[in-house]
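Nothing in this text is a laboratory measurement; each read-out follows from the coordinates by a stated rule. As the structure is a computational prediction, the values presented were derived from the model and not from experiment. All Cβ positions, glycine included, derive from the backbone under ideal geometry; neighbour counts span all protein chains shown.
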Amino acid sequence: MPKGRTTLAEIADAAGVSVPTVSKVLNDRADVSPETRRRVQKHLRDSKYRPAGSSSARPRELTRAIEVVVPELQSPYIIAVLEGITSSAAAEGFEVVIGGIPTSSGLNPQALLQSDHAGAIFITADASSSAVKALDEGGFPVVVVDPRRVADTKCISIGATNFTGGITAVEHLLSLGHRRIAHAGGPHSVDCSHARLAGYSSALRQAGIELDESLITHSAFSYDAGRQAARDLLDRSDRPTAIFAANDEIALGIMEEARRRSIRIPQDLSVVGFDDTFLASRSAPPLTTVAQPLLEMGRVATRSLAQMITNDVVITHHIELATRLVVRDSTAPHDC
């Protein structure tokens with residue numbers, strides 16, 4: 001005799017909860033913990049549970065595919081994180097699917113909730129967005145790498161020690177005798193921009209240097225934005241002797257604008273970046289930068305997602321990996 005429709009009691013038994021708890025999840029009640037909701041939702045998906053009279057249940061069994069949602073595919077930063085994700089996914093027995101790049105209208109969480117994918121990794125997404133929250137509340141495993149914002153979200157996120165990295169960059173420049181140090185910062189709306197700026201400010205304060213707001217710019221994390229930041233900073237009569245850029249692409253844009261003005265690097269201007277993408281070692285001169293462990297961030301994201309998929313206990317919701325300074329040829333002592 002063929003097996004009948006899966007019952008709430010069977011779901012409850014498999015998930016280790018009561019039938020009323022399963023009912024609360026189905027009815028989207030708020031009084032269920034995120035971990036319990038995720039566990040129950042997984043069993044509902046695995047069993048292809050279909051409430052009586054409903055046609056909205058997921059039609060297929062879950063695959064071993066995880067979707068990776070990226071803002072773009074040309075960024076060396078994104079490529080490095082993707083390499084970490086794919087290498088770890090292979091070891092964990094998952095297949096990686098590159099999802100659609102979110103548009104200005106945002107990502108539709110229902111597409112993932114109704115998919116046969118086991119989970120998703122978002123790179124530089126807003127972890128506090130309504131789409132990510134909807135996925136988390138719907139029991140769909142999600143990890144965000146280097147979130148633009150974390151806020152009060154309960155999803156798992158992977159980042160780096162941006163504040164410490166900012167301190168390290170500026171302390172390096174201070175050790176070379178620089179005192180007029182500018183910061184070409186990232187967007188106002190991104191958490192890591194604030195953390196790197198805070199590290200820059202803290203290092204200056206510790207050195208007894210008053211913060212000069214006119215030496216701070218904010219822009220997108222792009223080469224063209226770096227060129228514009230350089231125009232703002234290098235056309236001044238009292239231009240800085242060193243610039244700490246919020247990422248490598250901004251730093252490379254600054255270096256190009258300096259070249260166009262016959263400002264020598266590092267003799268006339270020292271530049272420090274952030275990320276240590278493959279471009280940093282190939283620039284002319286090679287770029288001193290704060291290295292984020294981009295490959296490891298991707299690997300940790302995949303391992304964390306695998307834990308969520310298999311219902312293993314996740315110890316923390318936010319993981320920060322250590323940054324380190326990589327000294328190359330774009331920084332030099334300043335002759336006071």
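To the nearest 20 debye, what charge dipole does the chain have about its Cα centre, counting +1 at the Cβ of each Lys and Arg and -1 at the Cβ of each Asp and Glu?
Details: 35 positive and 39 negative charges, 142 e Å.
With only Lys, Arg, Asp and Glu charged at Cβ, the dipole is about 680 debye.
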Quick one: Karplus J couplings for region 273-289, per residue in order, coefficients 6.51, -1.76, 1.60, θ = phi - 60°, nearest Hz, x for Gly and Pro? x, 8, 2, 6, 6, 4, 5, 4, 7, 9, 6, 10, x, x, 8, 6, 7
Long-range amide H partners of residue 68 with built H, under 5 Å: 97, 98, 99, 121
Residues whose modelled amide H sits under 5 Å from the amide H of residue 160, counting only those 5 or more places away in sequence or on another chain, are 321
Treating the beta-carbon of each Lys and Arg as +1 and of each Asp and Glu as -1, no other charges, what is the dipole magnitude of region 162-293 about its Cα centre, to the nearest 20 debye? 360 debye
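Packing-wise, with mean Cβ within 10 Å as the measure, how do 187-198, 283-294, 258-269 rank, highest first? Write out the running numbers ahead of the final one.
Details: 187-198: 18.8, 283-294: 22.3, 258-269: 15.7.
My ranking of the peptides, most packed first, is 283-294, 187-198, 258-269.
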What order do you get for 246-256, 140-150, 76-86 when each peptide is scored by the mean count of other beta carbon atoms within 10 Å, highest first? 246-256, 140-150, 76-86
Just to be sure I understand: with springs between alpha-carbon atoms less than 10 Å apart, which residue in 63, 302, 323 has the highest mean-square fluctuation in the Gaussian network model of the chain? 63
For the chain, whose charge dipole is built from +1 on Lys and Arg Cβ atoms and -1 on Asp and Glu Cβ atoms, the candidate among 150, 247, 305 with its Cα farthest towards the positive end is 305
In cubic angstrom, how much convex hull volume per residue do the alpha carbon atoms of region 162-293 span? 93 Å³
Correct choice for Rg and Dmax of the Cα atoms in Å that was computed from the model, options (i) 19.1, 57; (ii) 23.7, 89; (iii) 24.6, 79: (ii)
Cβ neighbours within 10 Å, averaged per peptide: list 128-137, 155-164 in order, most packed at the top. 155-164, 128-137
I'd like the distance between the alpha-carbon centres of region 169-206 and region 238-292, rounded to an integer number of Å. 14 Å
